[in-house]
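Taking it in order: structure first as structure tokens, then the write-up.
The values are calculated or read from the model by the stated rules, or taken from the named source; none is laboratory data. None of the values given here were measured: they were computed from a predicted structure. Positions of Cβ are backbone-derived with ideal geometry, glycine not excepted, and every protein chain shown enters the neighbour counts. Note: accessible area is taken over every heavy atom of the protein model, side chains too, but ligands, DNA and RNA are not part of it. Shrake-Rupley method; radii C 1.70, N 1.55, O 1.52, S 1.80 Å.
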Amino acid sequence: MNKKALVLSSGGVDSTTCVSVAIHELGRENVATVSIFYGQKHRKELDAAQKVADFYHVPHYELDLSKIFQYSNCSLLSHSTEEIVHESYEDQIAQNGEGKVSTYVPFRNGLMLSAVASLAMSLFEKDDVDIYLGAHADDAAGNAYADCSEAFTDAMGKAISLGTYEQCHLVAPFVEVNKAGIVKKGLELGTPYELTWSCYEGGDRPCGTCGTCIDRARAFAANGVPDPALEEK
């Protein structure tokens, strides 16, 4: 069996760094990426994921799980009546206590990983496949996103391996790393962050004030480099 990688790519910093890591480890000829449309308010991140795949010249796939989330009122979804909160995650947790934030999409990573495992077995019938997930320690902090925690990735990893006859394996290289550490690794690998999109809003430029924009800006600042998403085009 050959070793392949299928990277769950959102078009943001974390998953795009995973693409860089997978290509560095296995070579681009053994890597593919996959994005999920789940009913989000804009396609900016999906378009970014396609641009990243084009940059690396790797196959890219897109799955549609939007019907599953049609009953959720999560603020990230196009049909939601909730507004996206424009505060840091720390401030949200300070105000509301630990636990899920308004941008938590119900069991999203669990559904995505299950779908990607199925896709991996279909695409690479005779190969050993690493499924990359960009979950990191900042997202799991305060239990804001339970499906980004190390306990969750460990459990899902076991389920994926068992359910695929040990053919597929979950790889979450940054589950114990903060976002600044991810950017540090990505800069070392030449990750094309200028192609990425993280903002929860779908404007021409990132809003700069939603939780993920704040985390992203801090991560680049911690590495002493400007966030390319905020530079004038």
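Identify all residues within segment 5-35 that are among the charged types (D, E, K, R) and surrounded by 21 or more Cβ atoms within 10 Å (Cβ to Cβ); write none if there are none.
The answer is ASP14, and nothing else.
For a quick check of your reading of the model, give me the residue pairs whose first member lies in segment 151-172 and is within 14 Å of GLY110 (Cα to Cα), whose second is part of a helix (DSSP H, G or I) and charged (D, E, K, R), with beta-carbon atoms closer than 9 Å and at least 6 apart or on different chains.
Listed by first residue and then by second, the contacts come to THR153/ASP147; MET156/ASP147; LEU170/ASP154; LEU170/LYS158; ALA172/GLU150; ALA172/ASP154.
Residue under question is GLU90, and the condition is that it be of a type in the set (Asp, Glu), open to solvent by 30 Å² or more (accessible area, probe 1.4 Å), out of contact with any Ser or Thr (no Cβ under 6 Å at 6 or more places or on another chain) and modelled with pLDDT under 95; does it hold?
Judged against the criteria, GLU90 is a match.
Cβ-Cβ below 9 Å, separation at least six or inter-chain, first residue in segment 212-233 and open to solvent by 50 Å² or more (accessible area, probe 1.4 Å), second part of a loop (DSSP other than H, G, I, E, B): which pairs?
ARG218/SER88; ALA221/ASP227; ALA222/ASN178; LEU230/ARG205; LEU230/PRO206; LEU230/GLY208; LYS233/ARG205
Out of all the residues in segment 92-99, is one or more among the aliphatic types (A, V, I, L, M) and part of a loop (DSSP other than H, G, I, E, B)?
No, the conditions are met nowhere in segment 92-99.
So, VAL85, is that one hydrophobic (A, V, I, L, M, F, W, C), under 24 Å from VAL183 (Cβ atoms) and either open to solvent by 60 Å² or more (accessible area, probe 1.4 Å) or at pLDDT below 95 (or both) or not?
yes
Restricting to segment 165-211, name every residue that is of a type in the set (Lys, Arg), buried (at least 22 other Cβ atoms within 10 Å of the Cβ) and over 22 Å from HIS24 (Cβ atoms).
Of everything in segment 165-211, nothing turns out to be of a type in the set (Lys, Arg), buried (at least 22 other Cβ atoms within 10 Å of the Cβ) and over 22 Å from HIS24 (Cβ atoms).
Got a number for residues in segment 120-138 being open to solvent by 30 Å² or more (accessible area, probe 1.4 Å), in a helix (DSSP H, G or I) and in contact (Cβ under 8 Å) with a residue 12 or more places away in the chain?
Residues in segment 120-138 being open to solvent by 30 Å² or more (accessible area, probe 1.4 Å), in a helix (DSSP H, G or I) and in contact (Cβ under 8 Å) with a residue 12 or more places away in the chain: 4 in total.
Yes or no, residue by residue, for (1) polar (S, T, N, Q); (2) within 19 Å of the chain's Cα centre (by Cα):
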position: HIS136; (1), (2): no, yes
position: GLY142; (1), (2): no, yes
position: GLN167; (1), (2): yes, no
position: LYS184; (1), (2): no, yes
position: ASP204; (1), (2): no, no
position: ALA217; (1), (2): no, yes
position: ALA221; (1), (2): no, no
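With of a type in the set (D, E, K, R), part of a strand (DSSP E or B) and in contact (Cβ under 8 Å) with a residue 12 or more places away in the chain as the only criterion, which of GLU45, GLU62 stands out?
GLU62
Return the total of residues in segment 41-52 being crowded, with 19+ Cβ neighbours inside 10 Å and in contact with a helix residue (DSSP H, G or I) (Cβ under 8 Å, 6 or more places away or on another chain).
Here the count works out to 3.
Of everything in segment 59-94, what is of a type in the set (A, V, I, L, M) and within 19 Å of TRP197 (Cα to Cα)? Give them in sequence order.
LEU63, LEU76, LEU77, ILE84, VAL85, listed by residue number.
Is there a residue in segment 150-164 that is within 21 Å of ARG28 (Cβ to Cβ), crowded, with 16+ Cβ neighbours inside 10 Å, modelled with pLDDT of 95 or more and of a type outside the set (Asp, Glu)?
Looking through segment 150-164, none of the residues is within 21 Å of ARG28 (Cβ to Cβ), crowded, with 16+ Cβ neighbours inside 10 Å, modelled with pLDDT of 95 or more and of a type outside the set (Asp, Glu).
Quick one: which of PHE124, PHE174 is under 22 Å from LYS100 (Cβ atoms) and modelled with pLDDT of 95 or more?
PHE174 is the lone residue from the list that is under 22 Å from LYS100 (Cβ atoms) and modelled with pLDDT of 95 or more.
So, of the residues in segment 1-36 that are in a strand (DSSP E or B) and not β-branched (Val, Ile, Thr), which turns out to be farthest from VAL116 (Cα to Cα)?
Per the criteria, the residue is LYS3.
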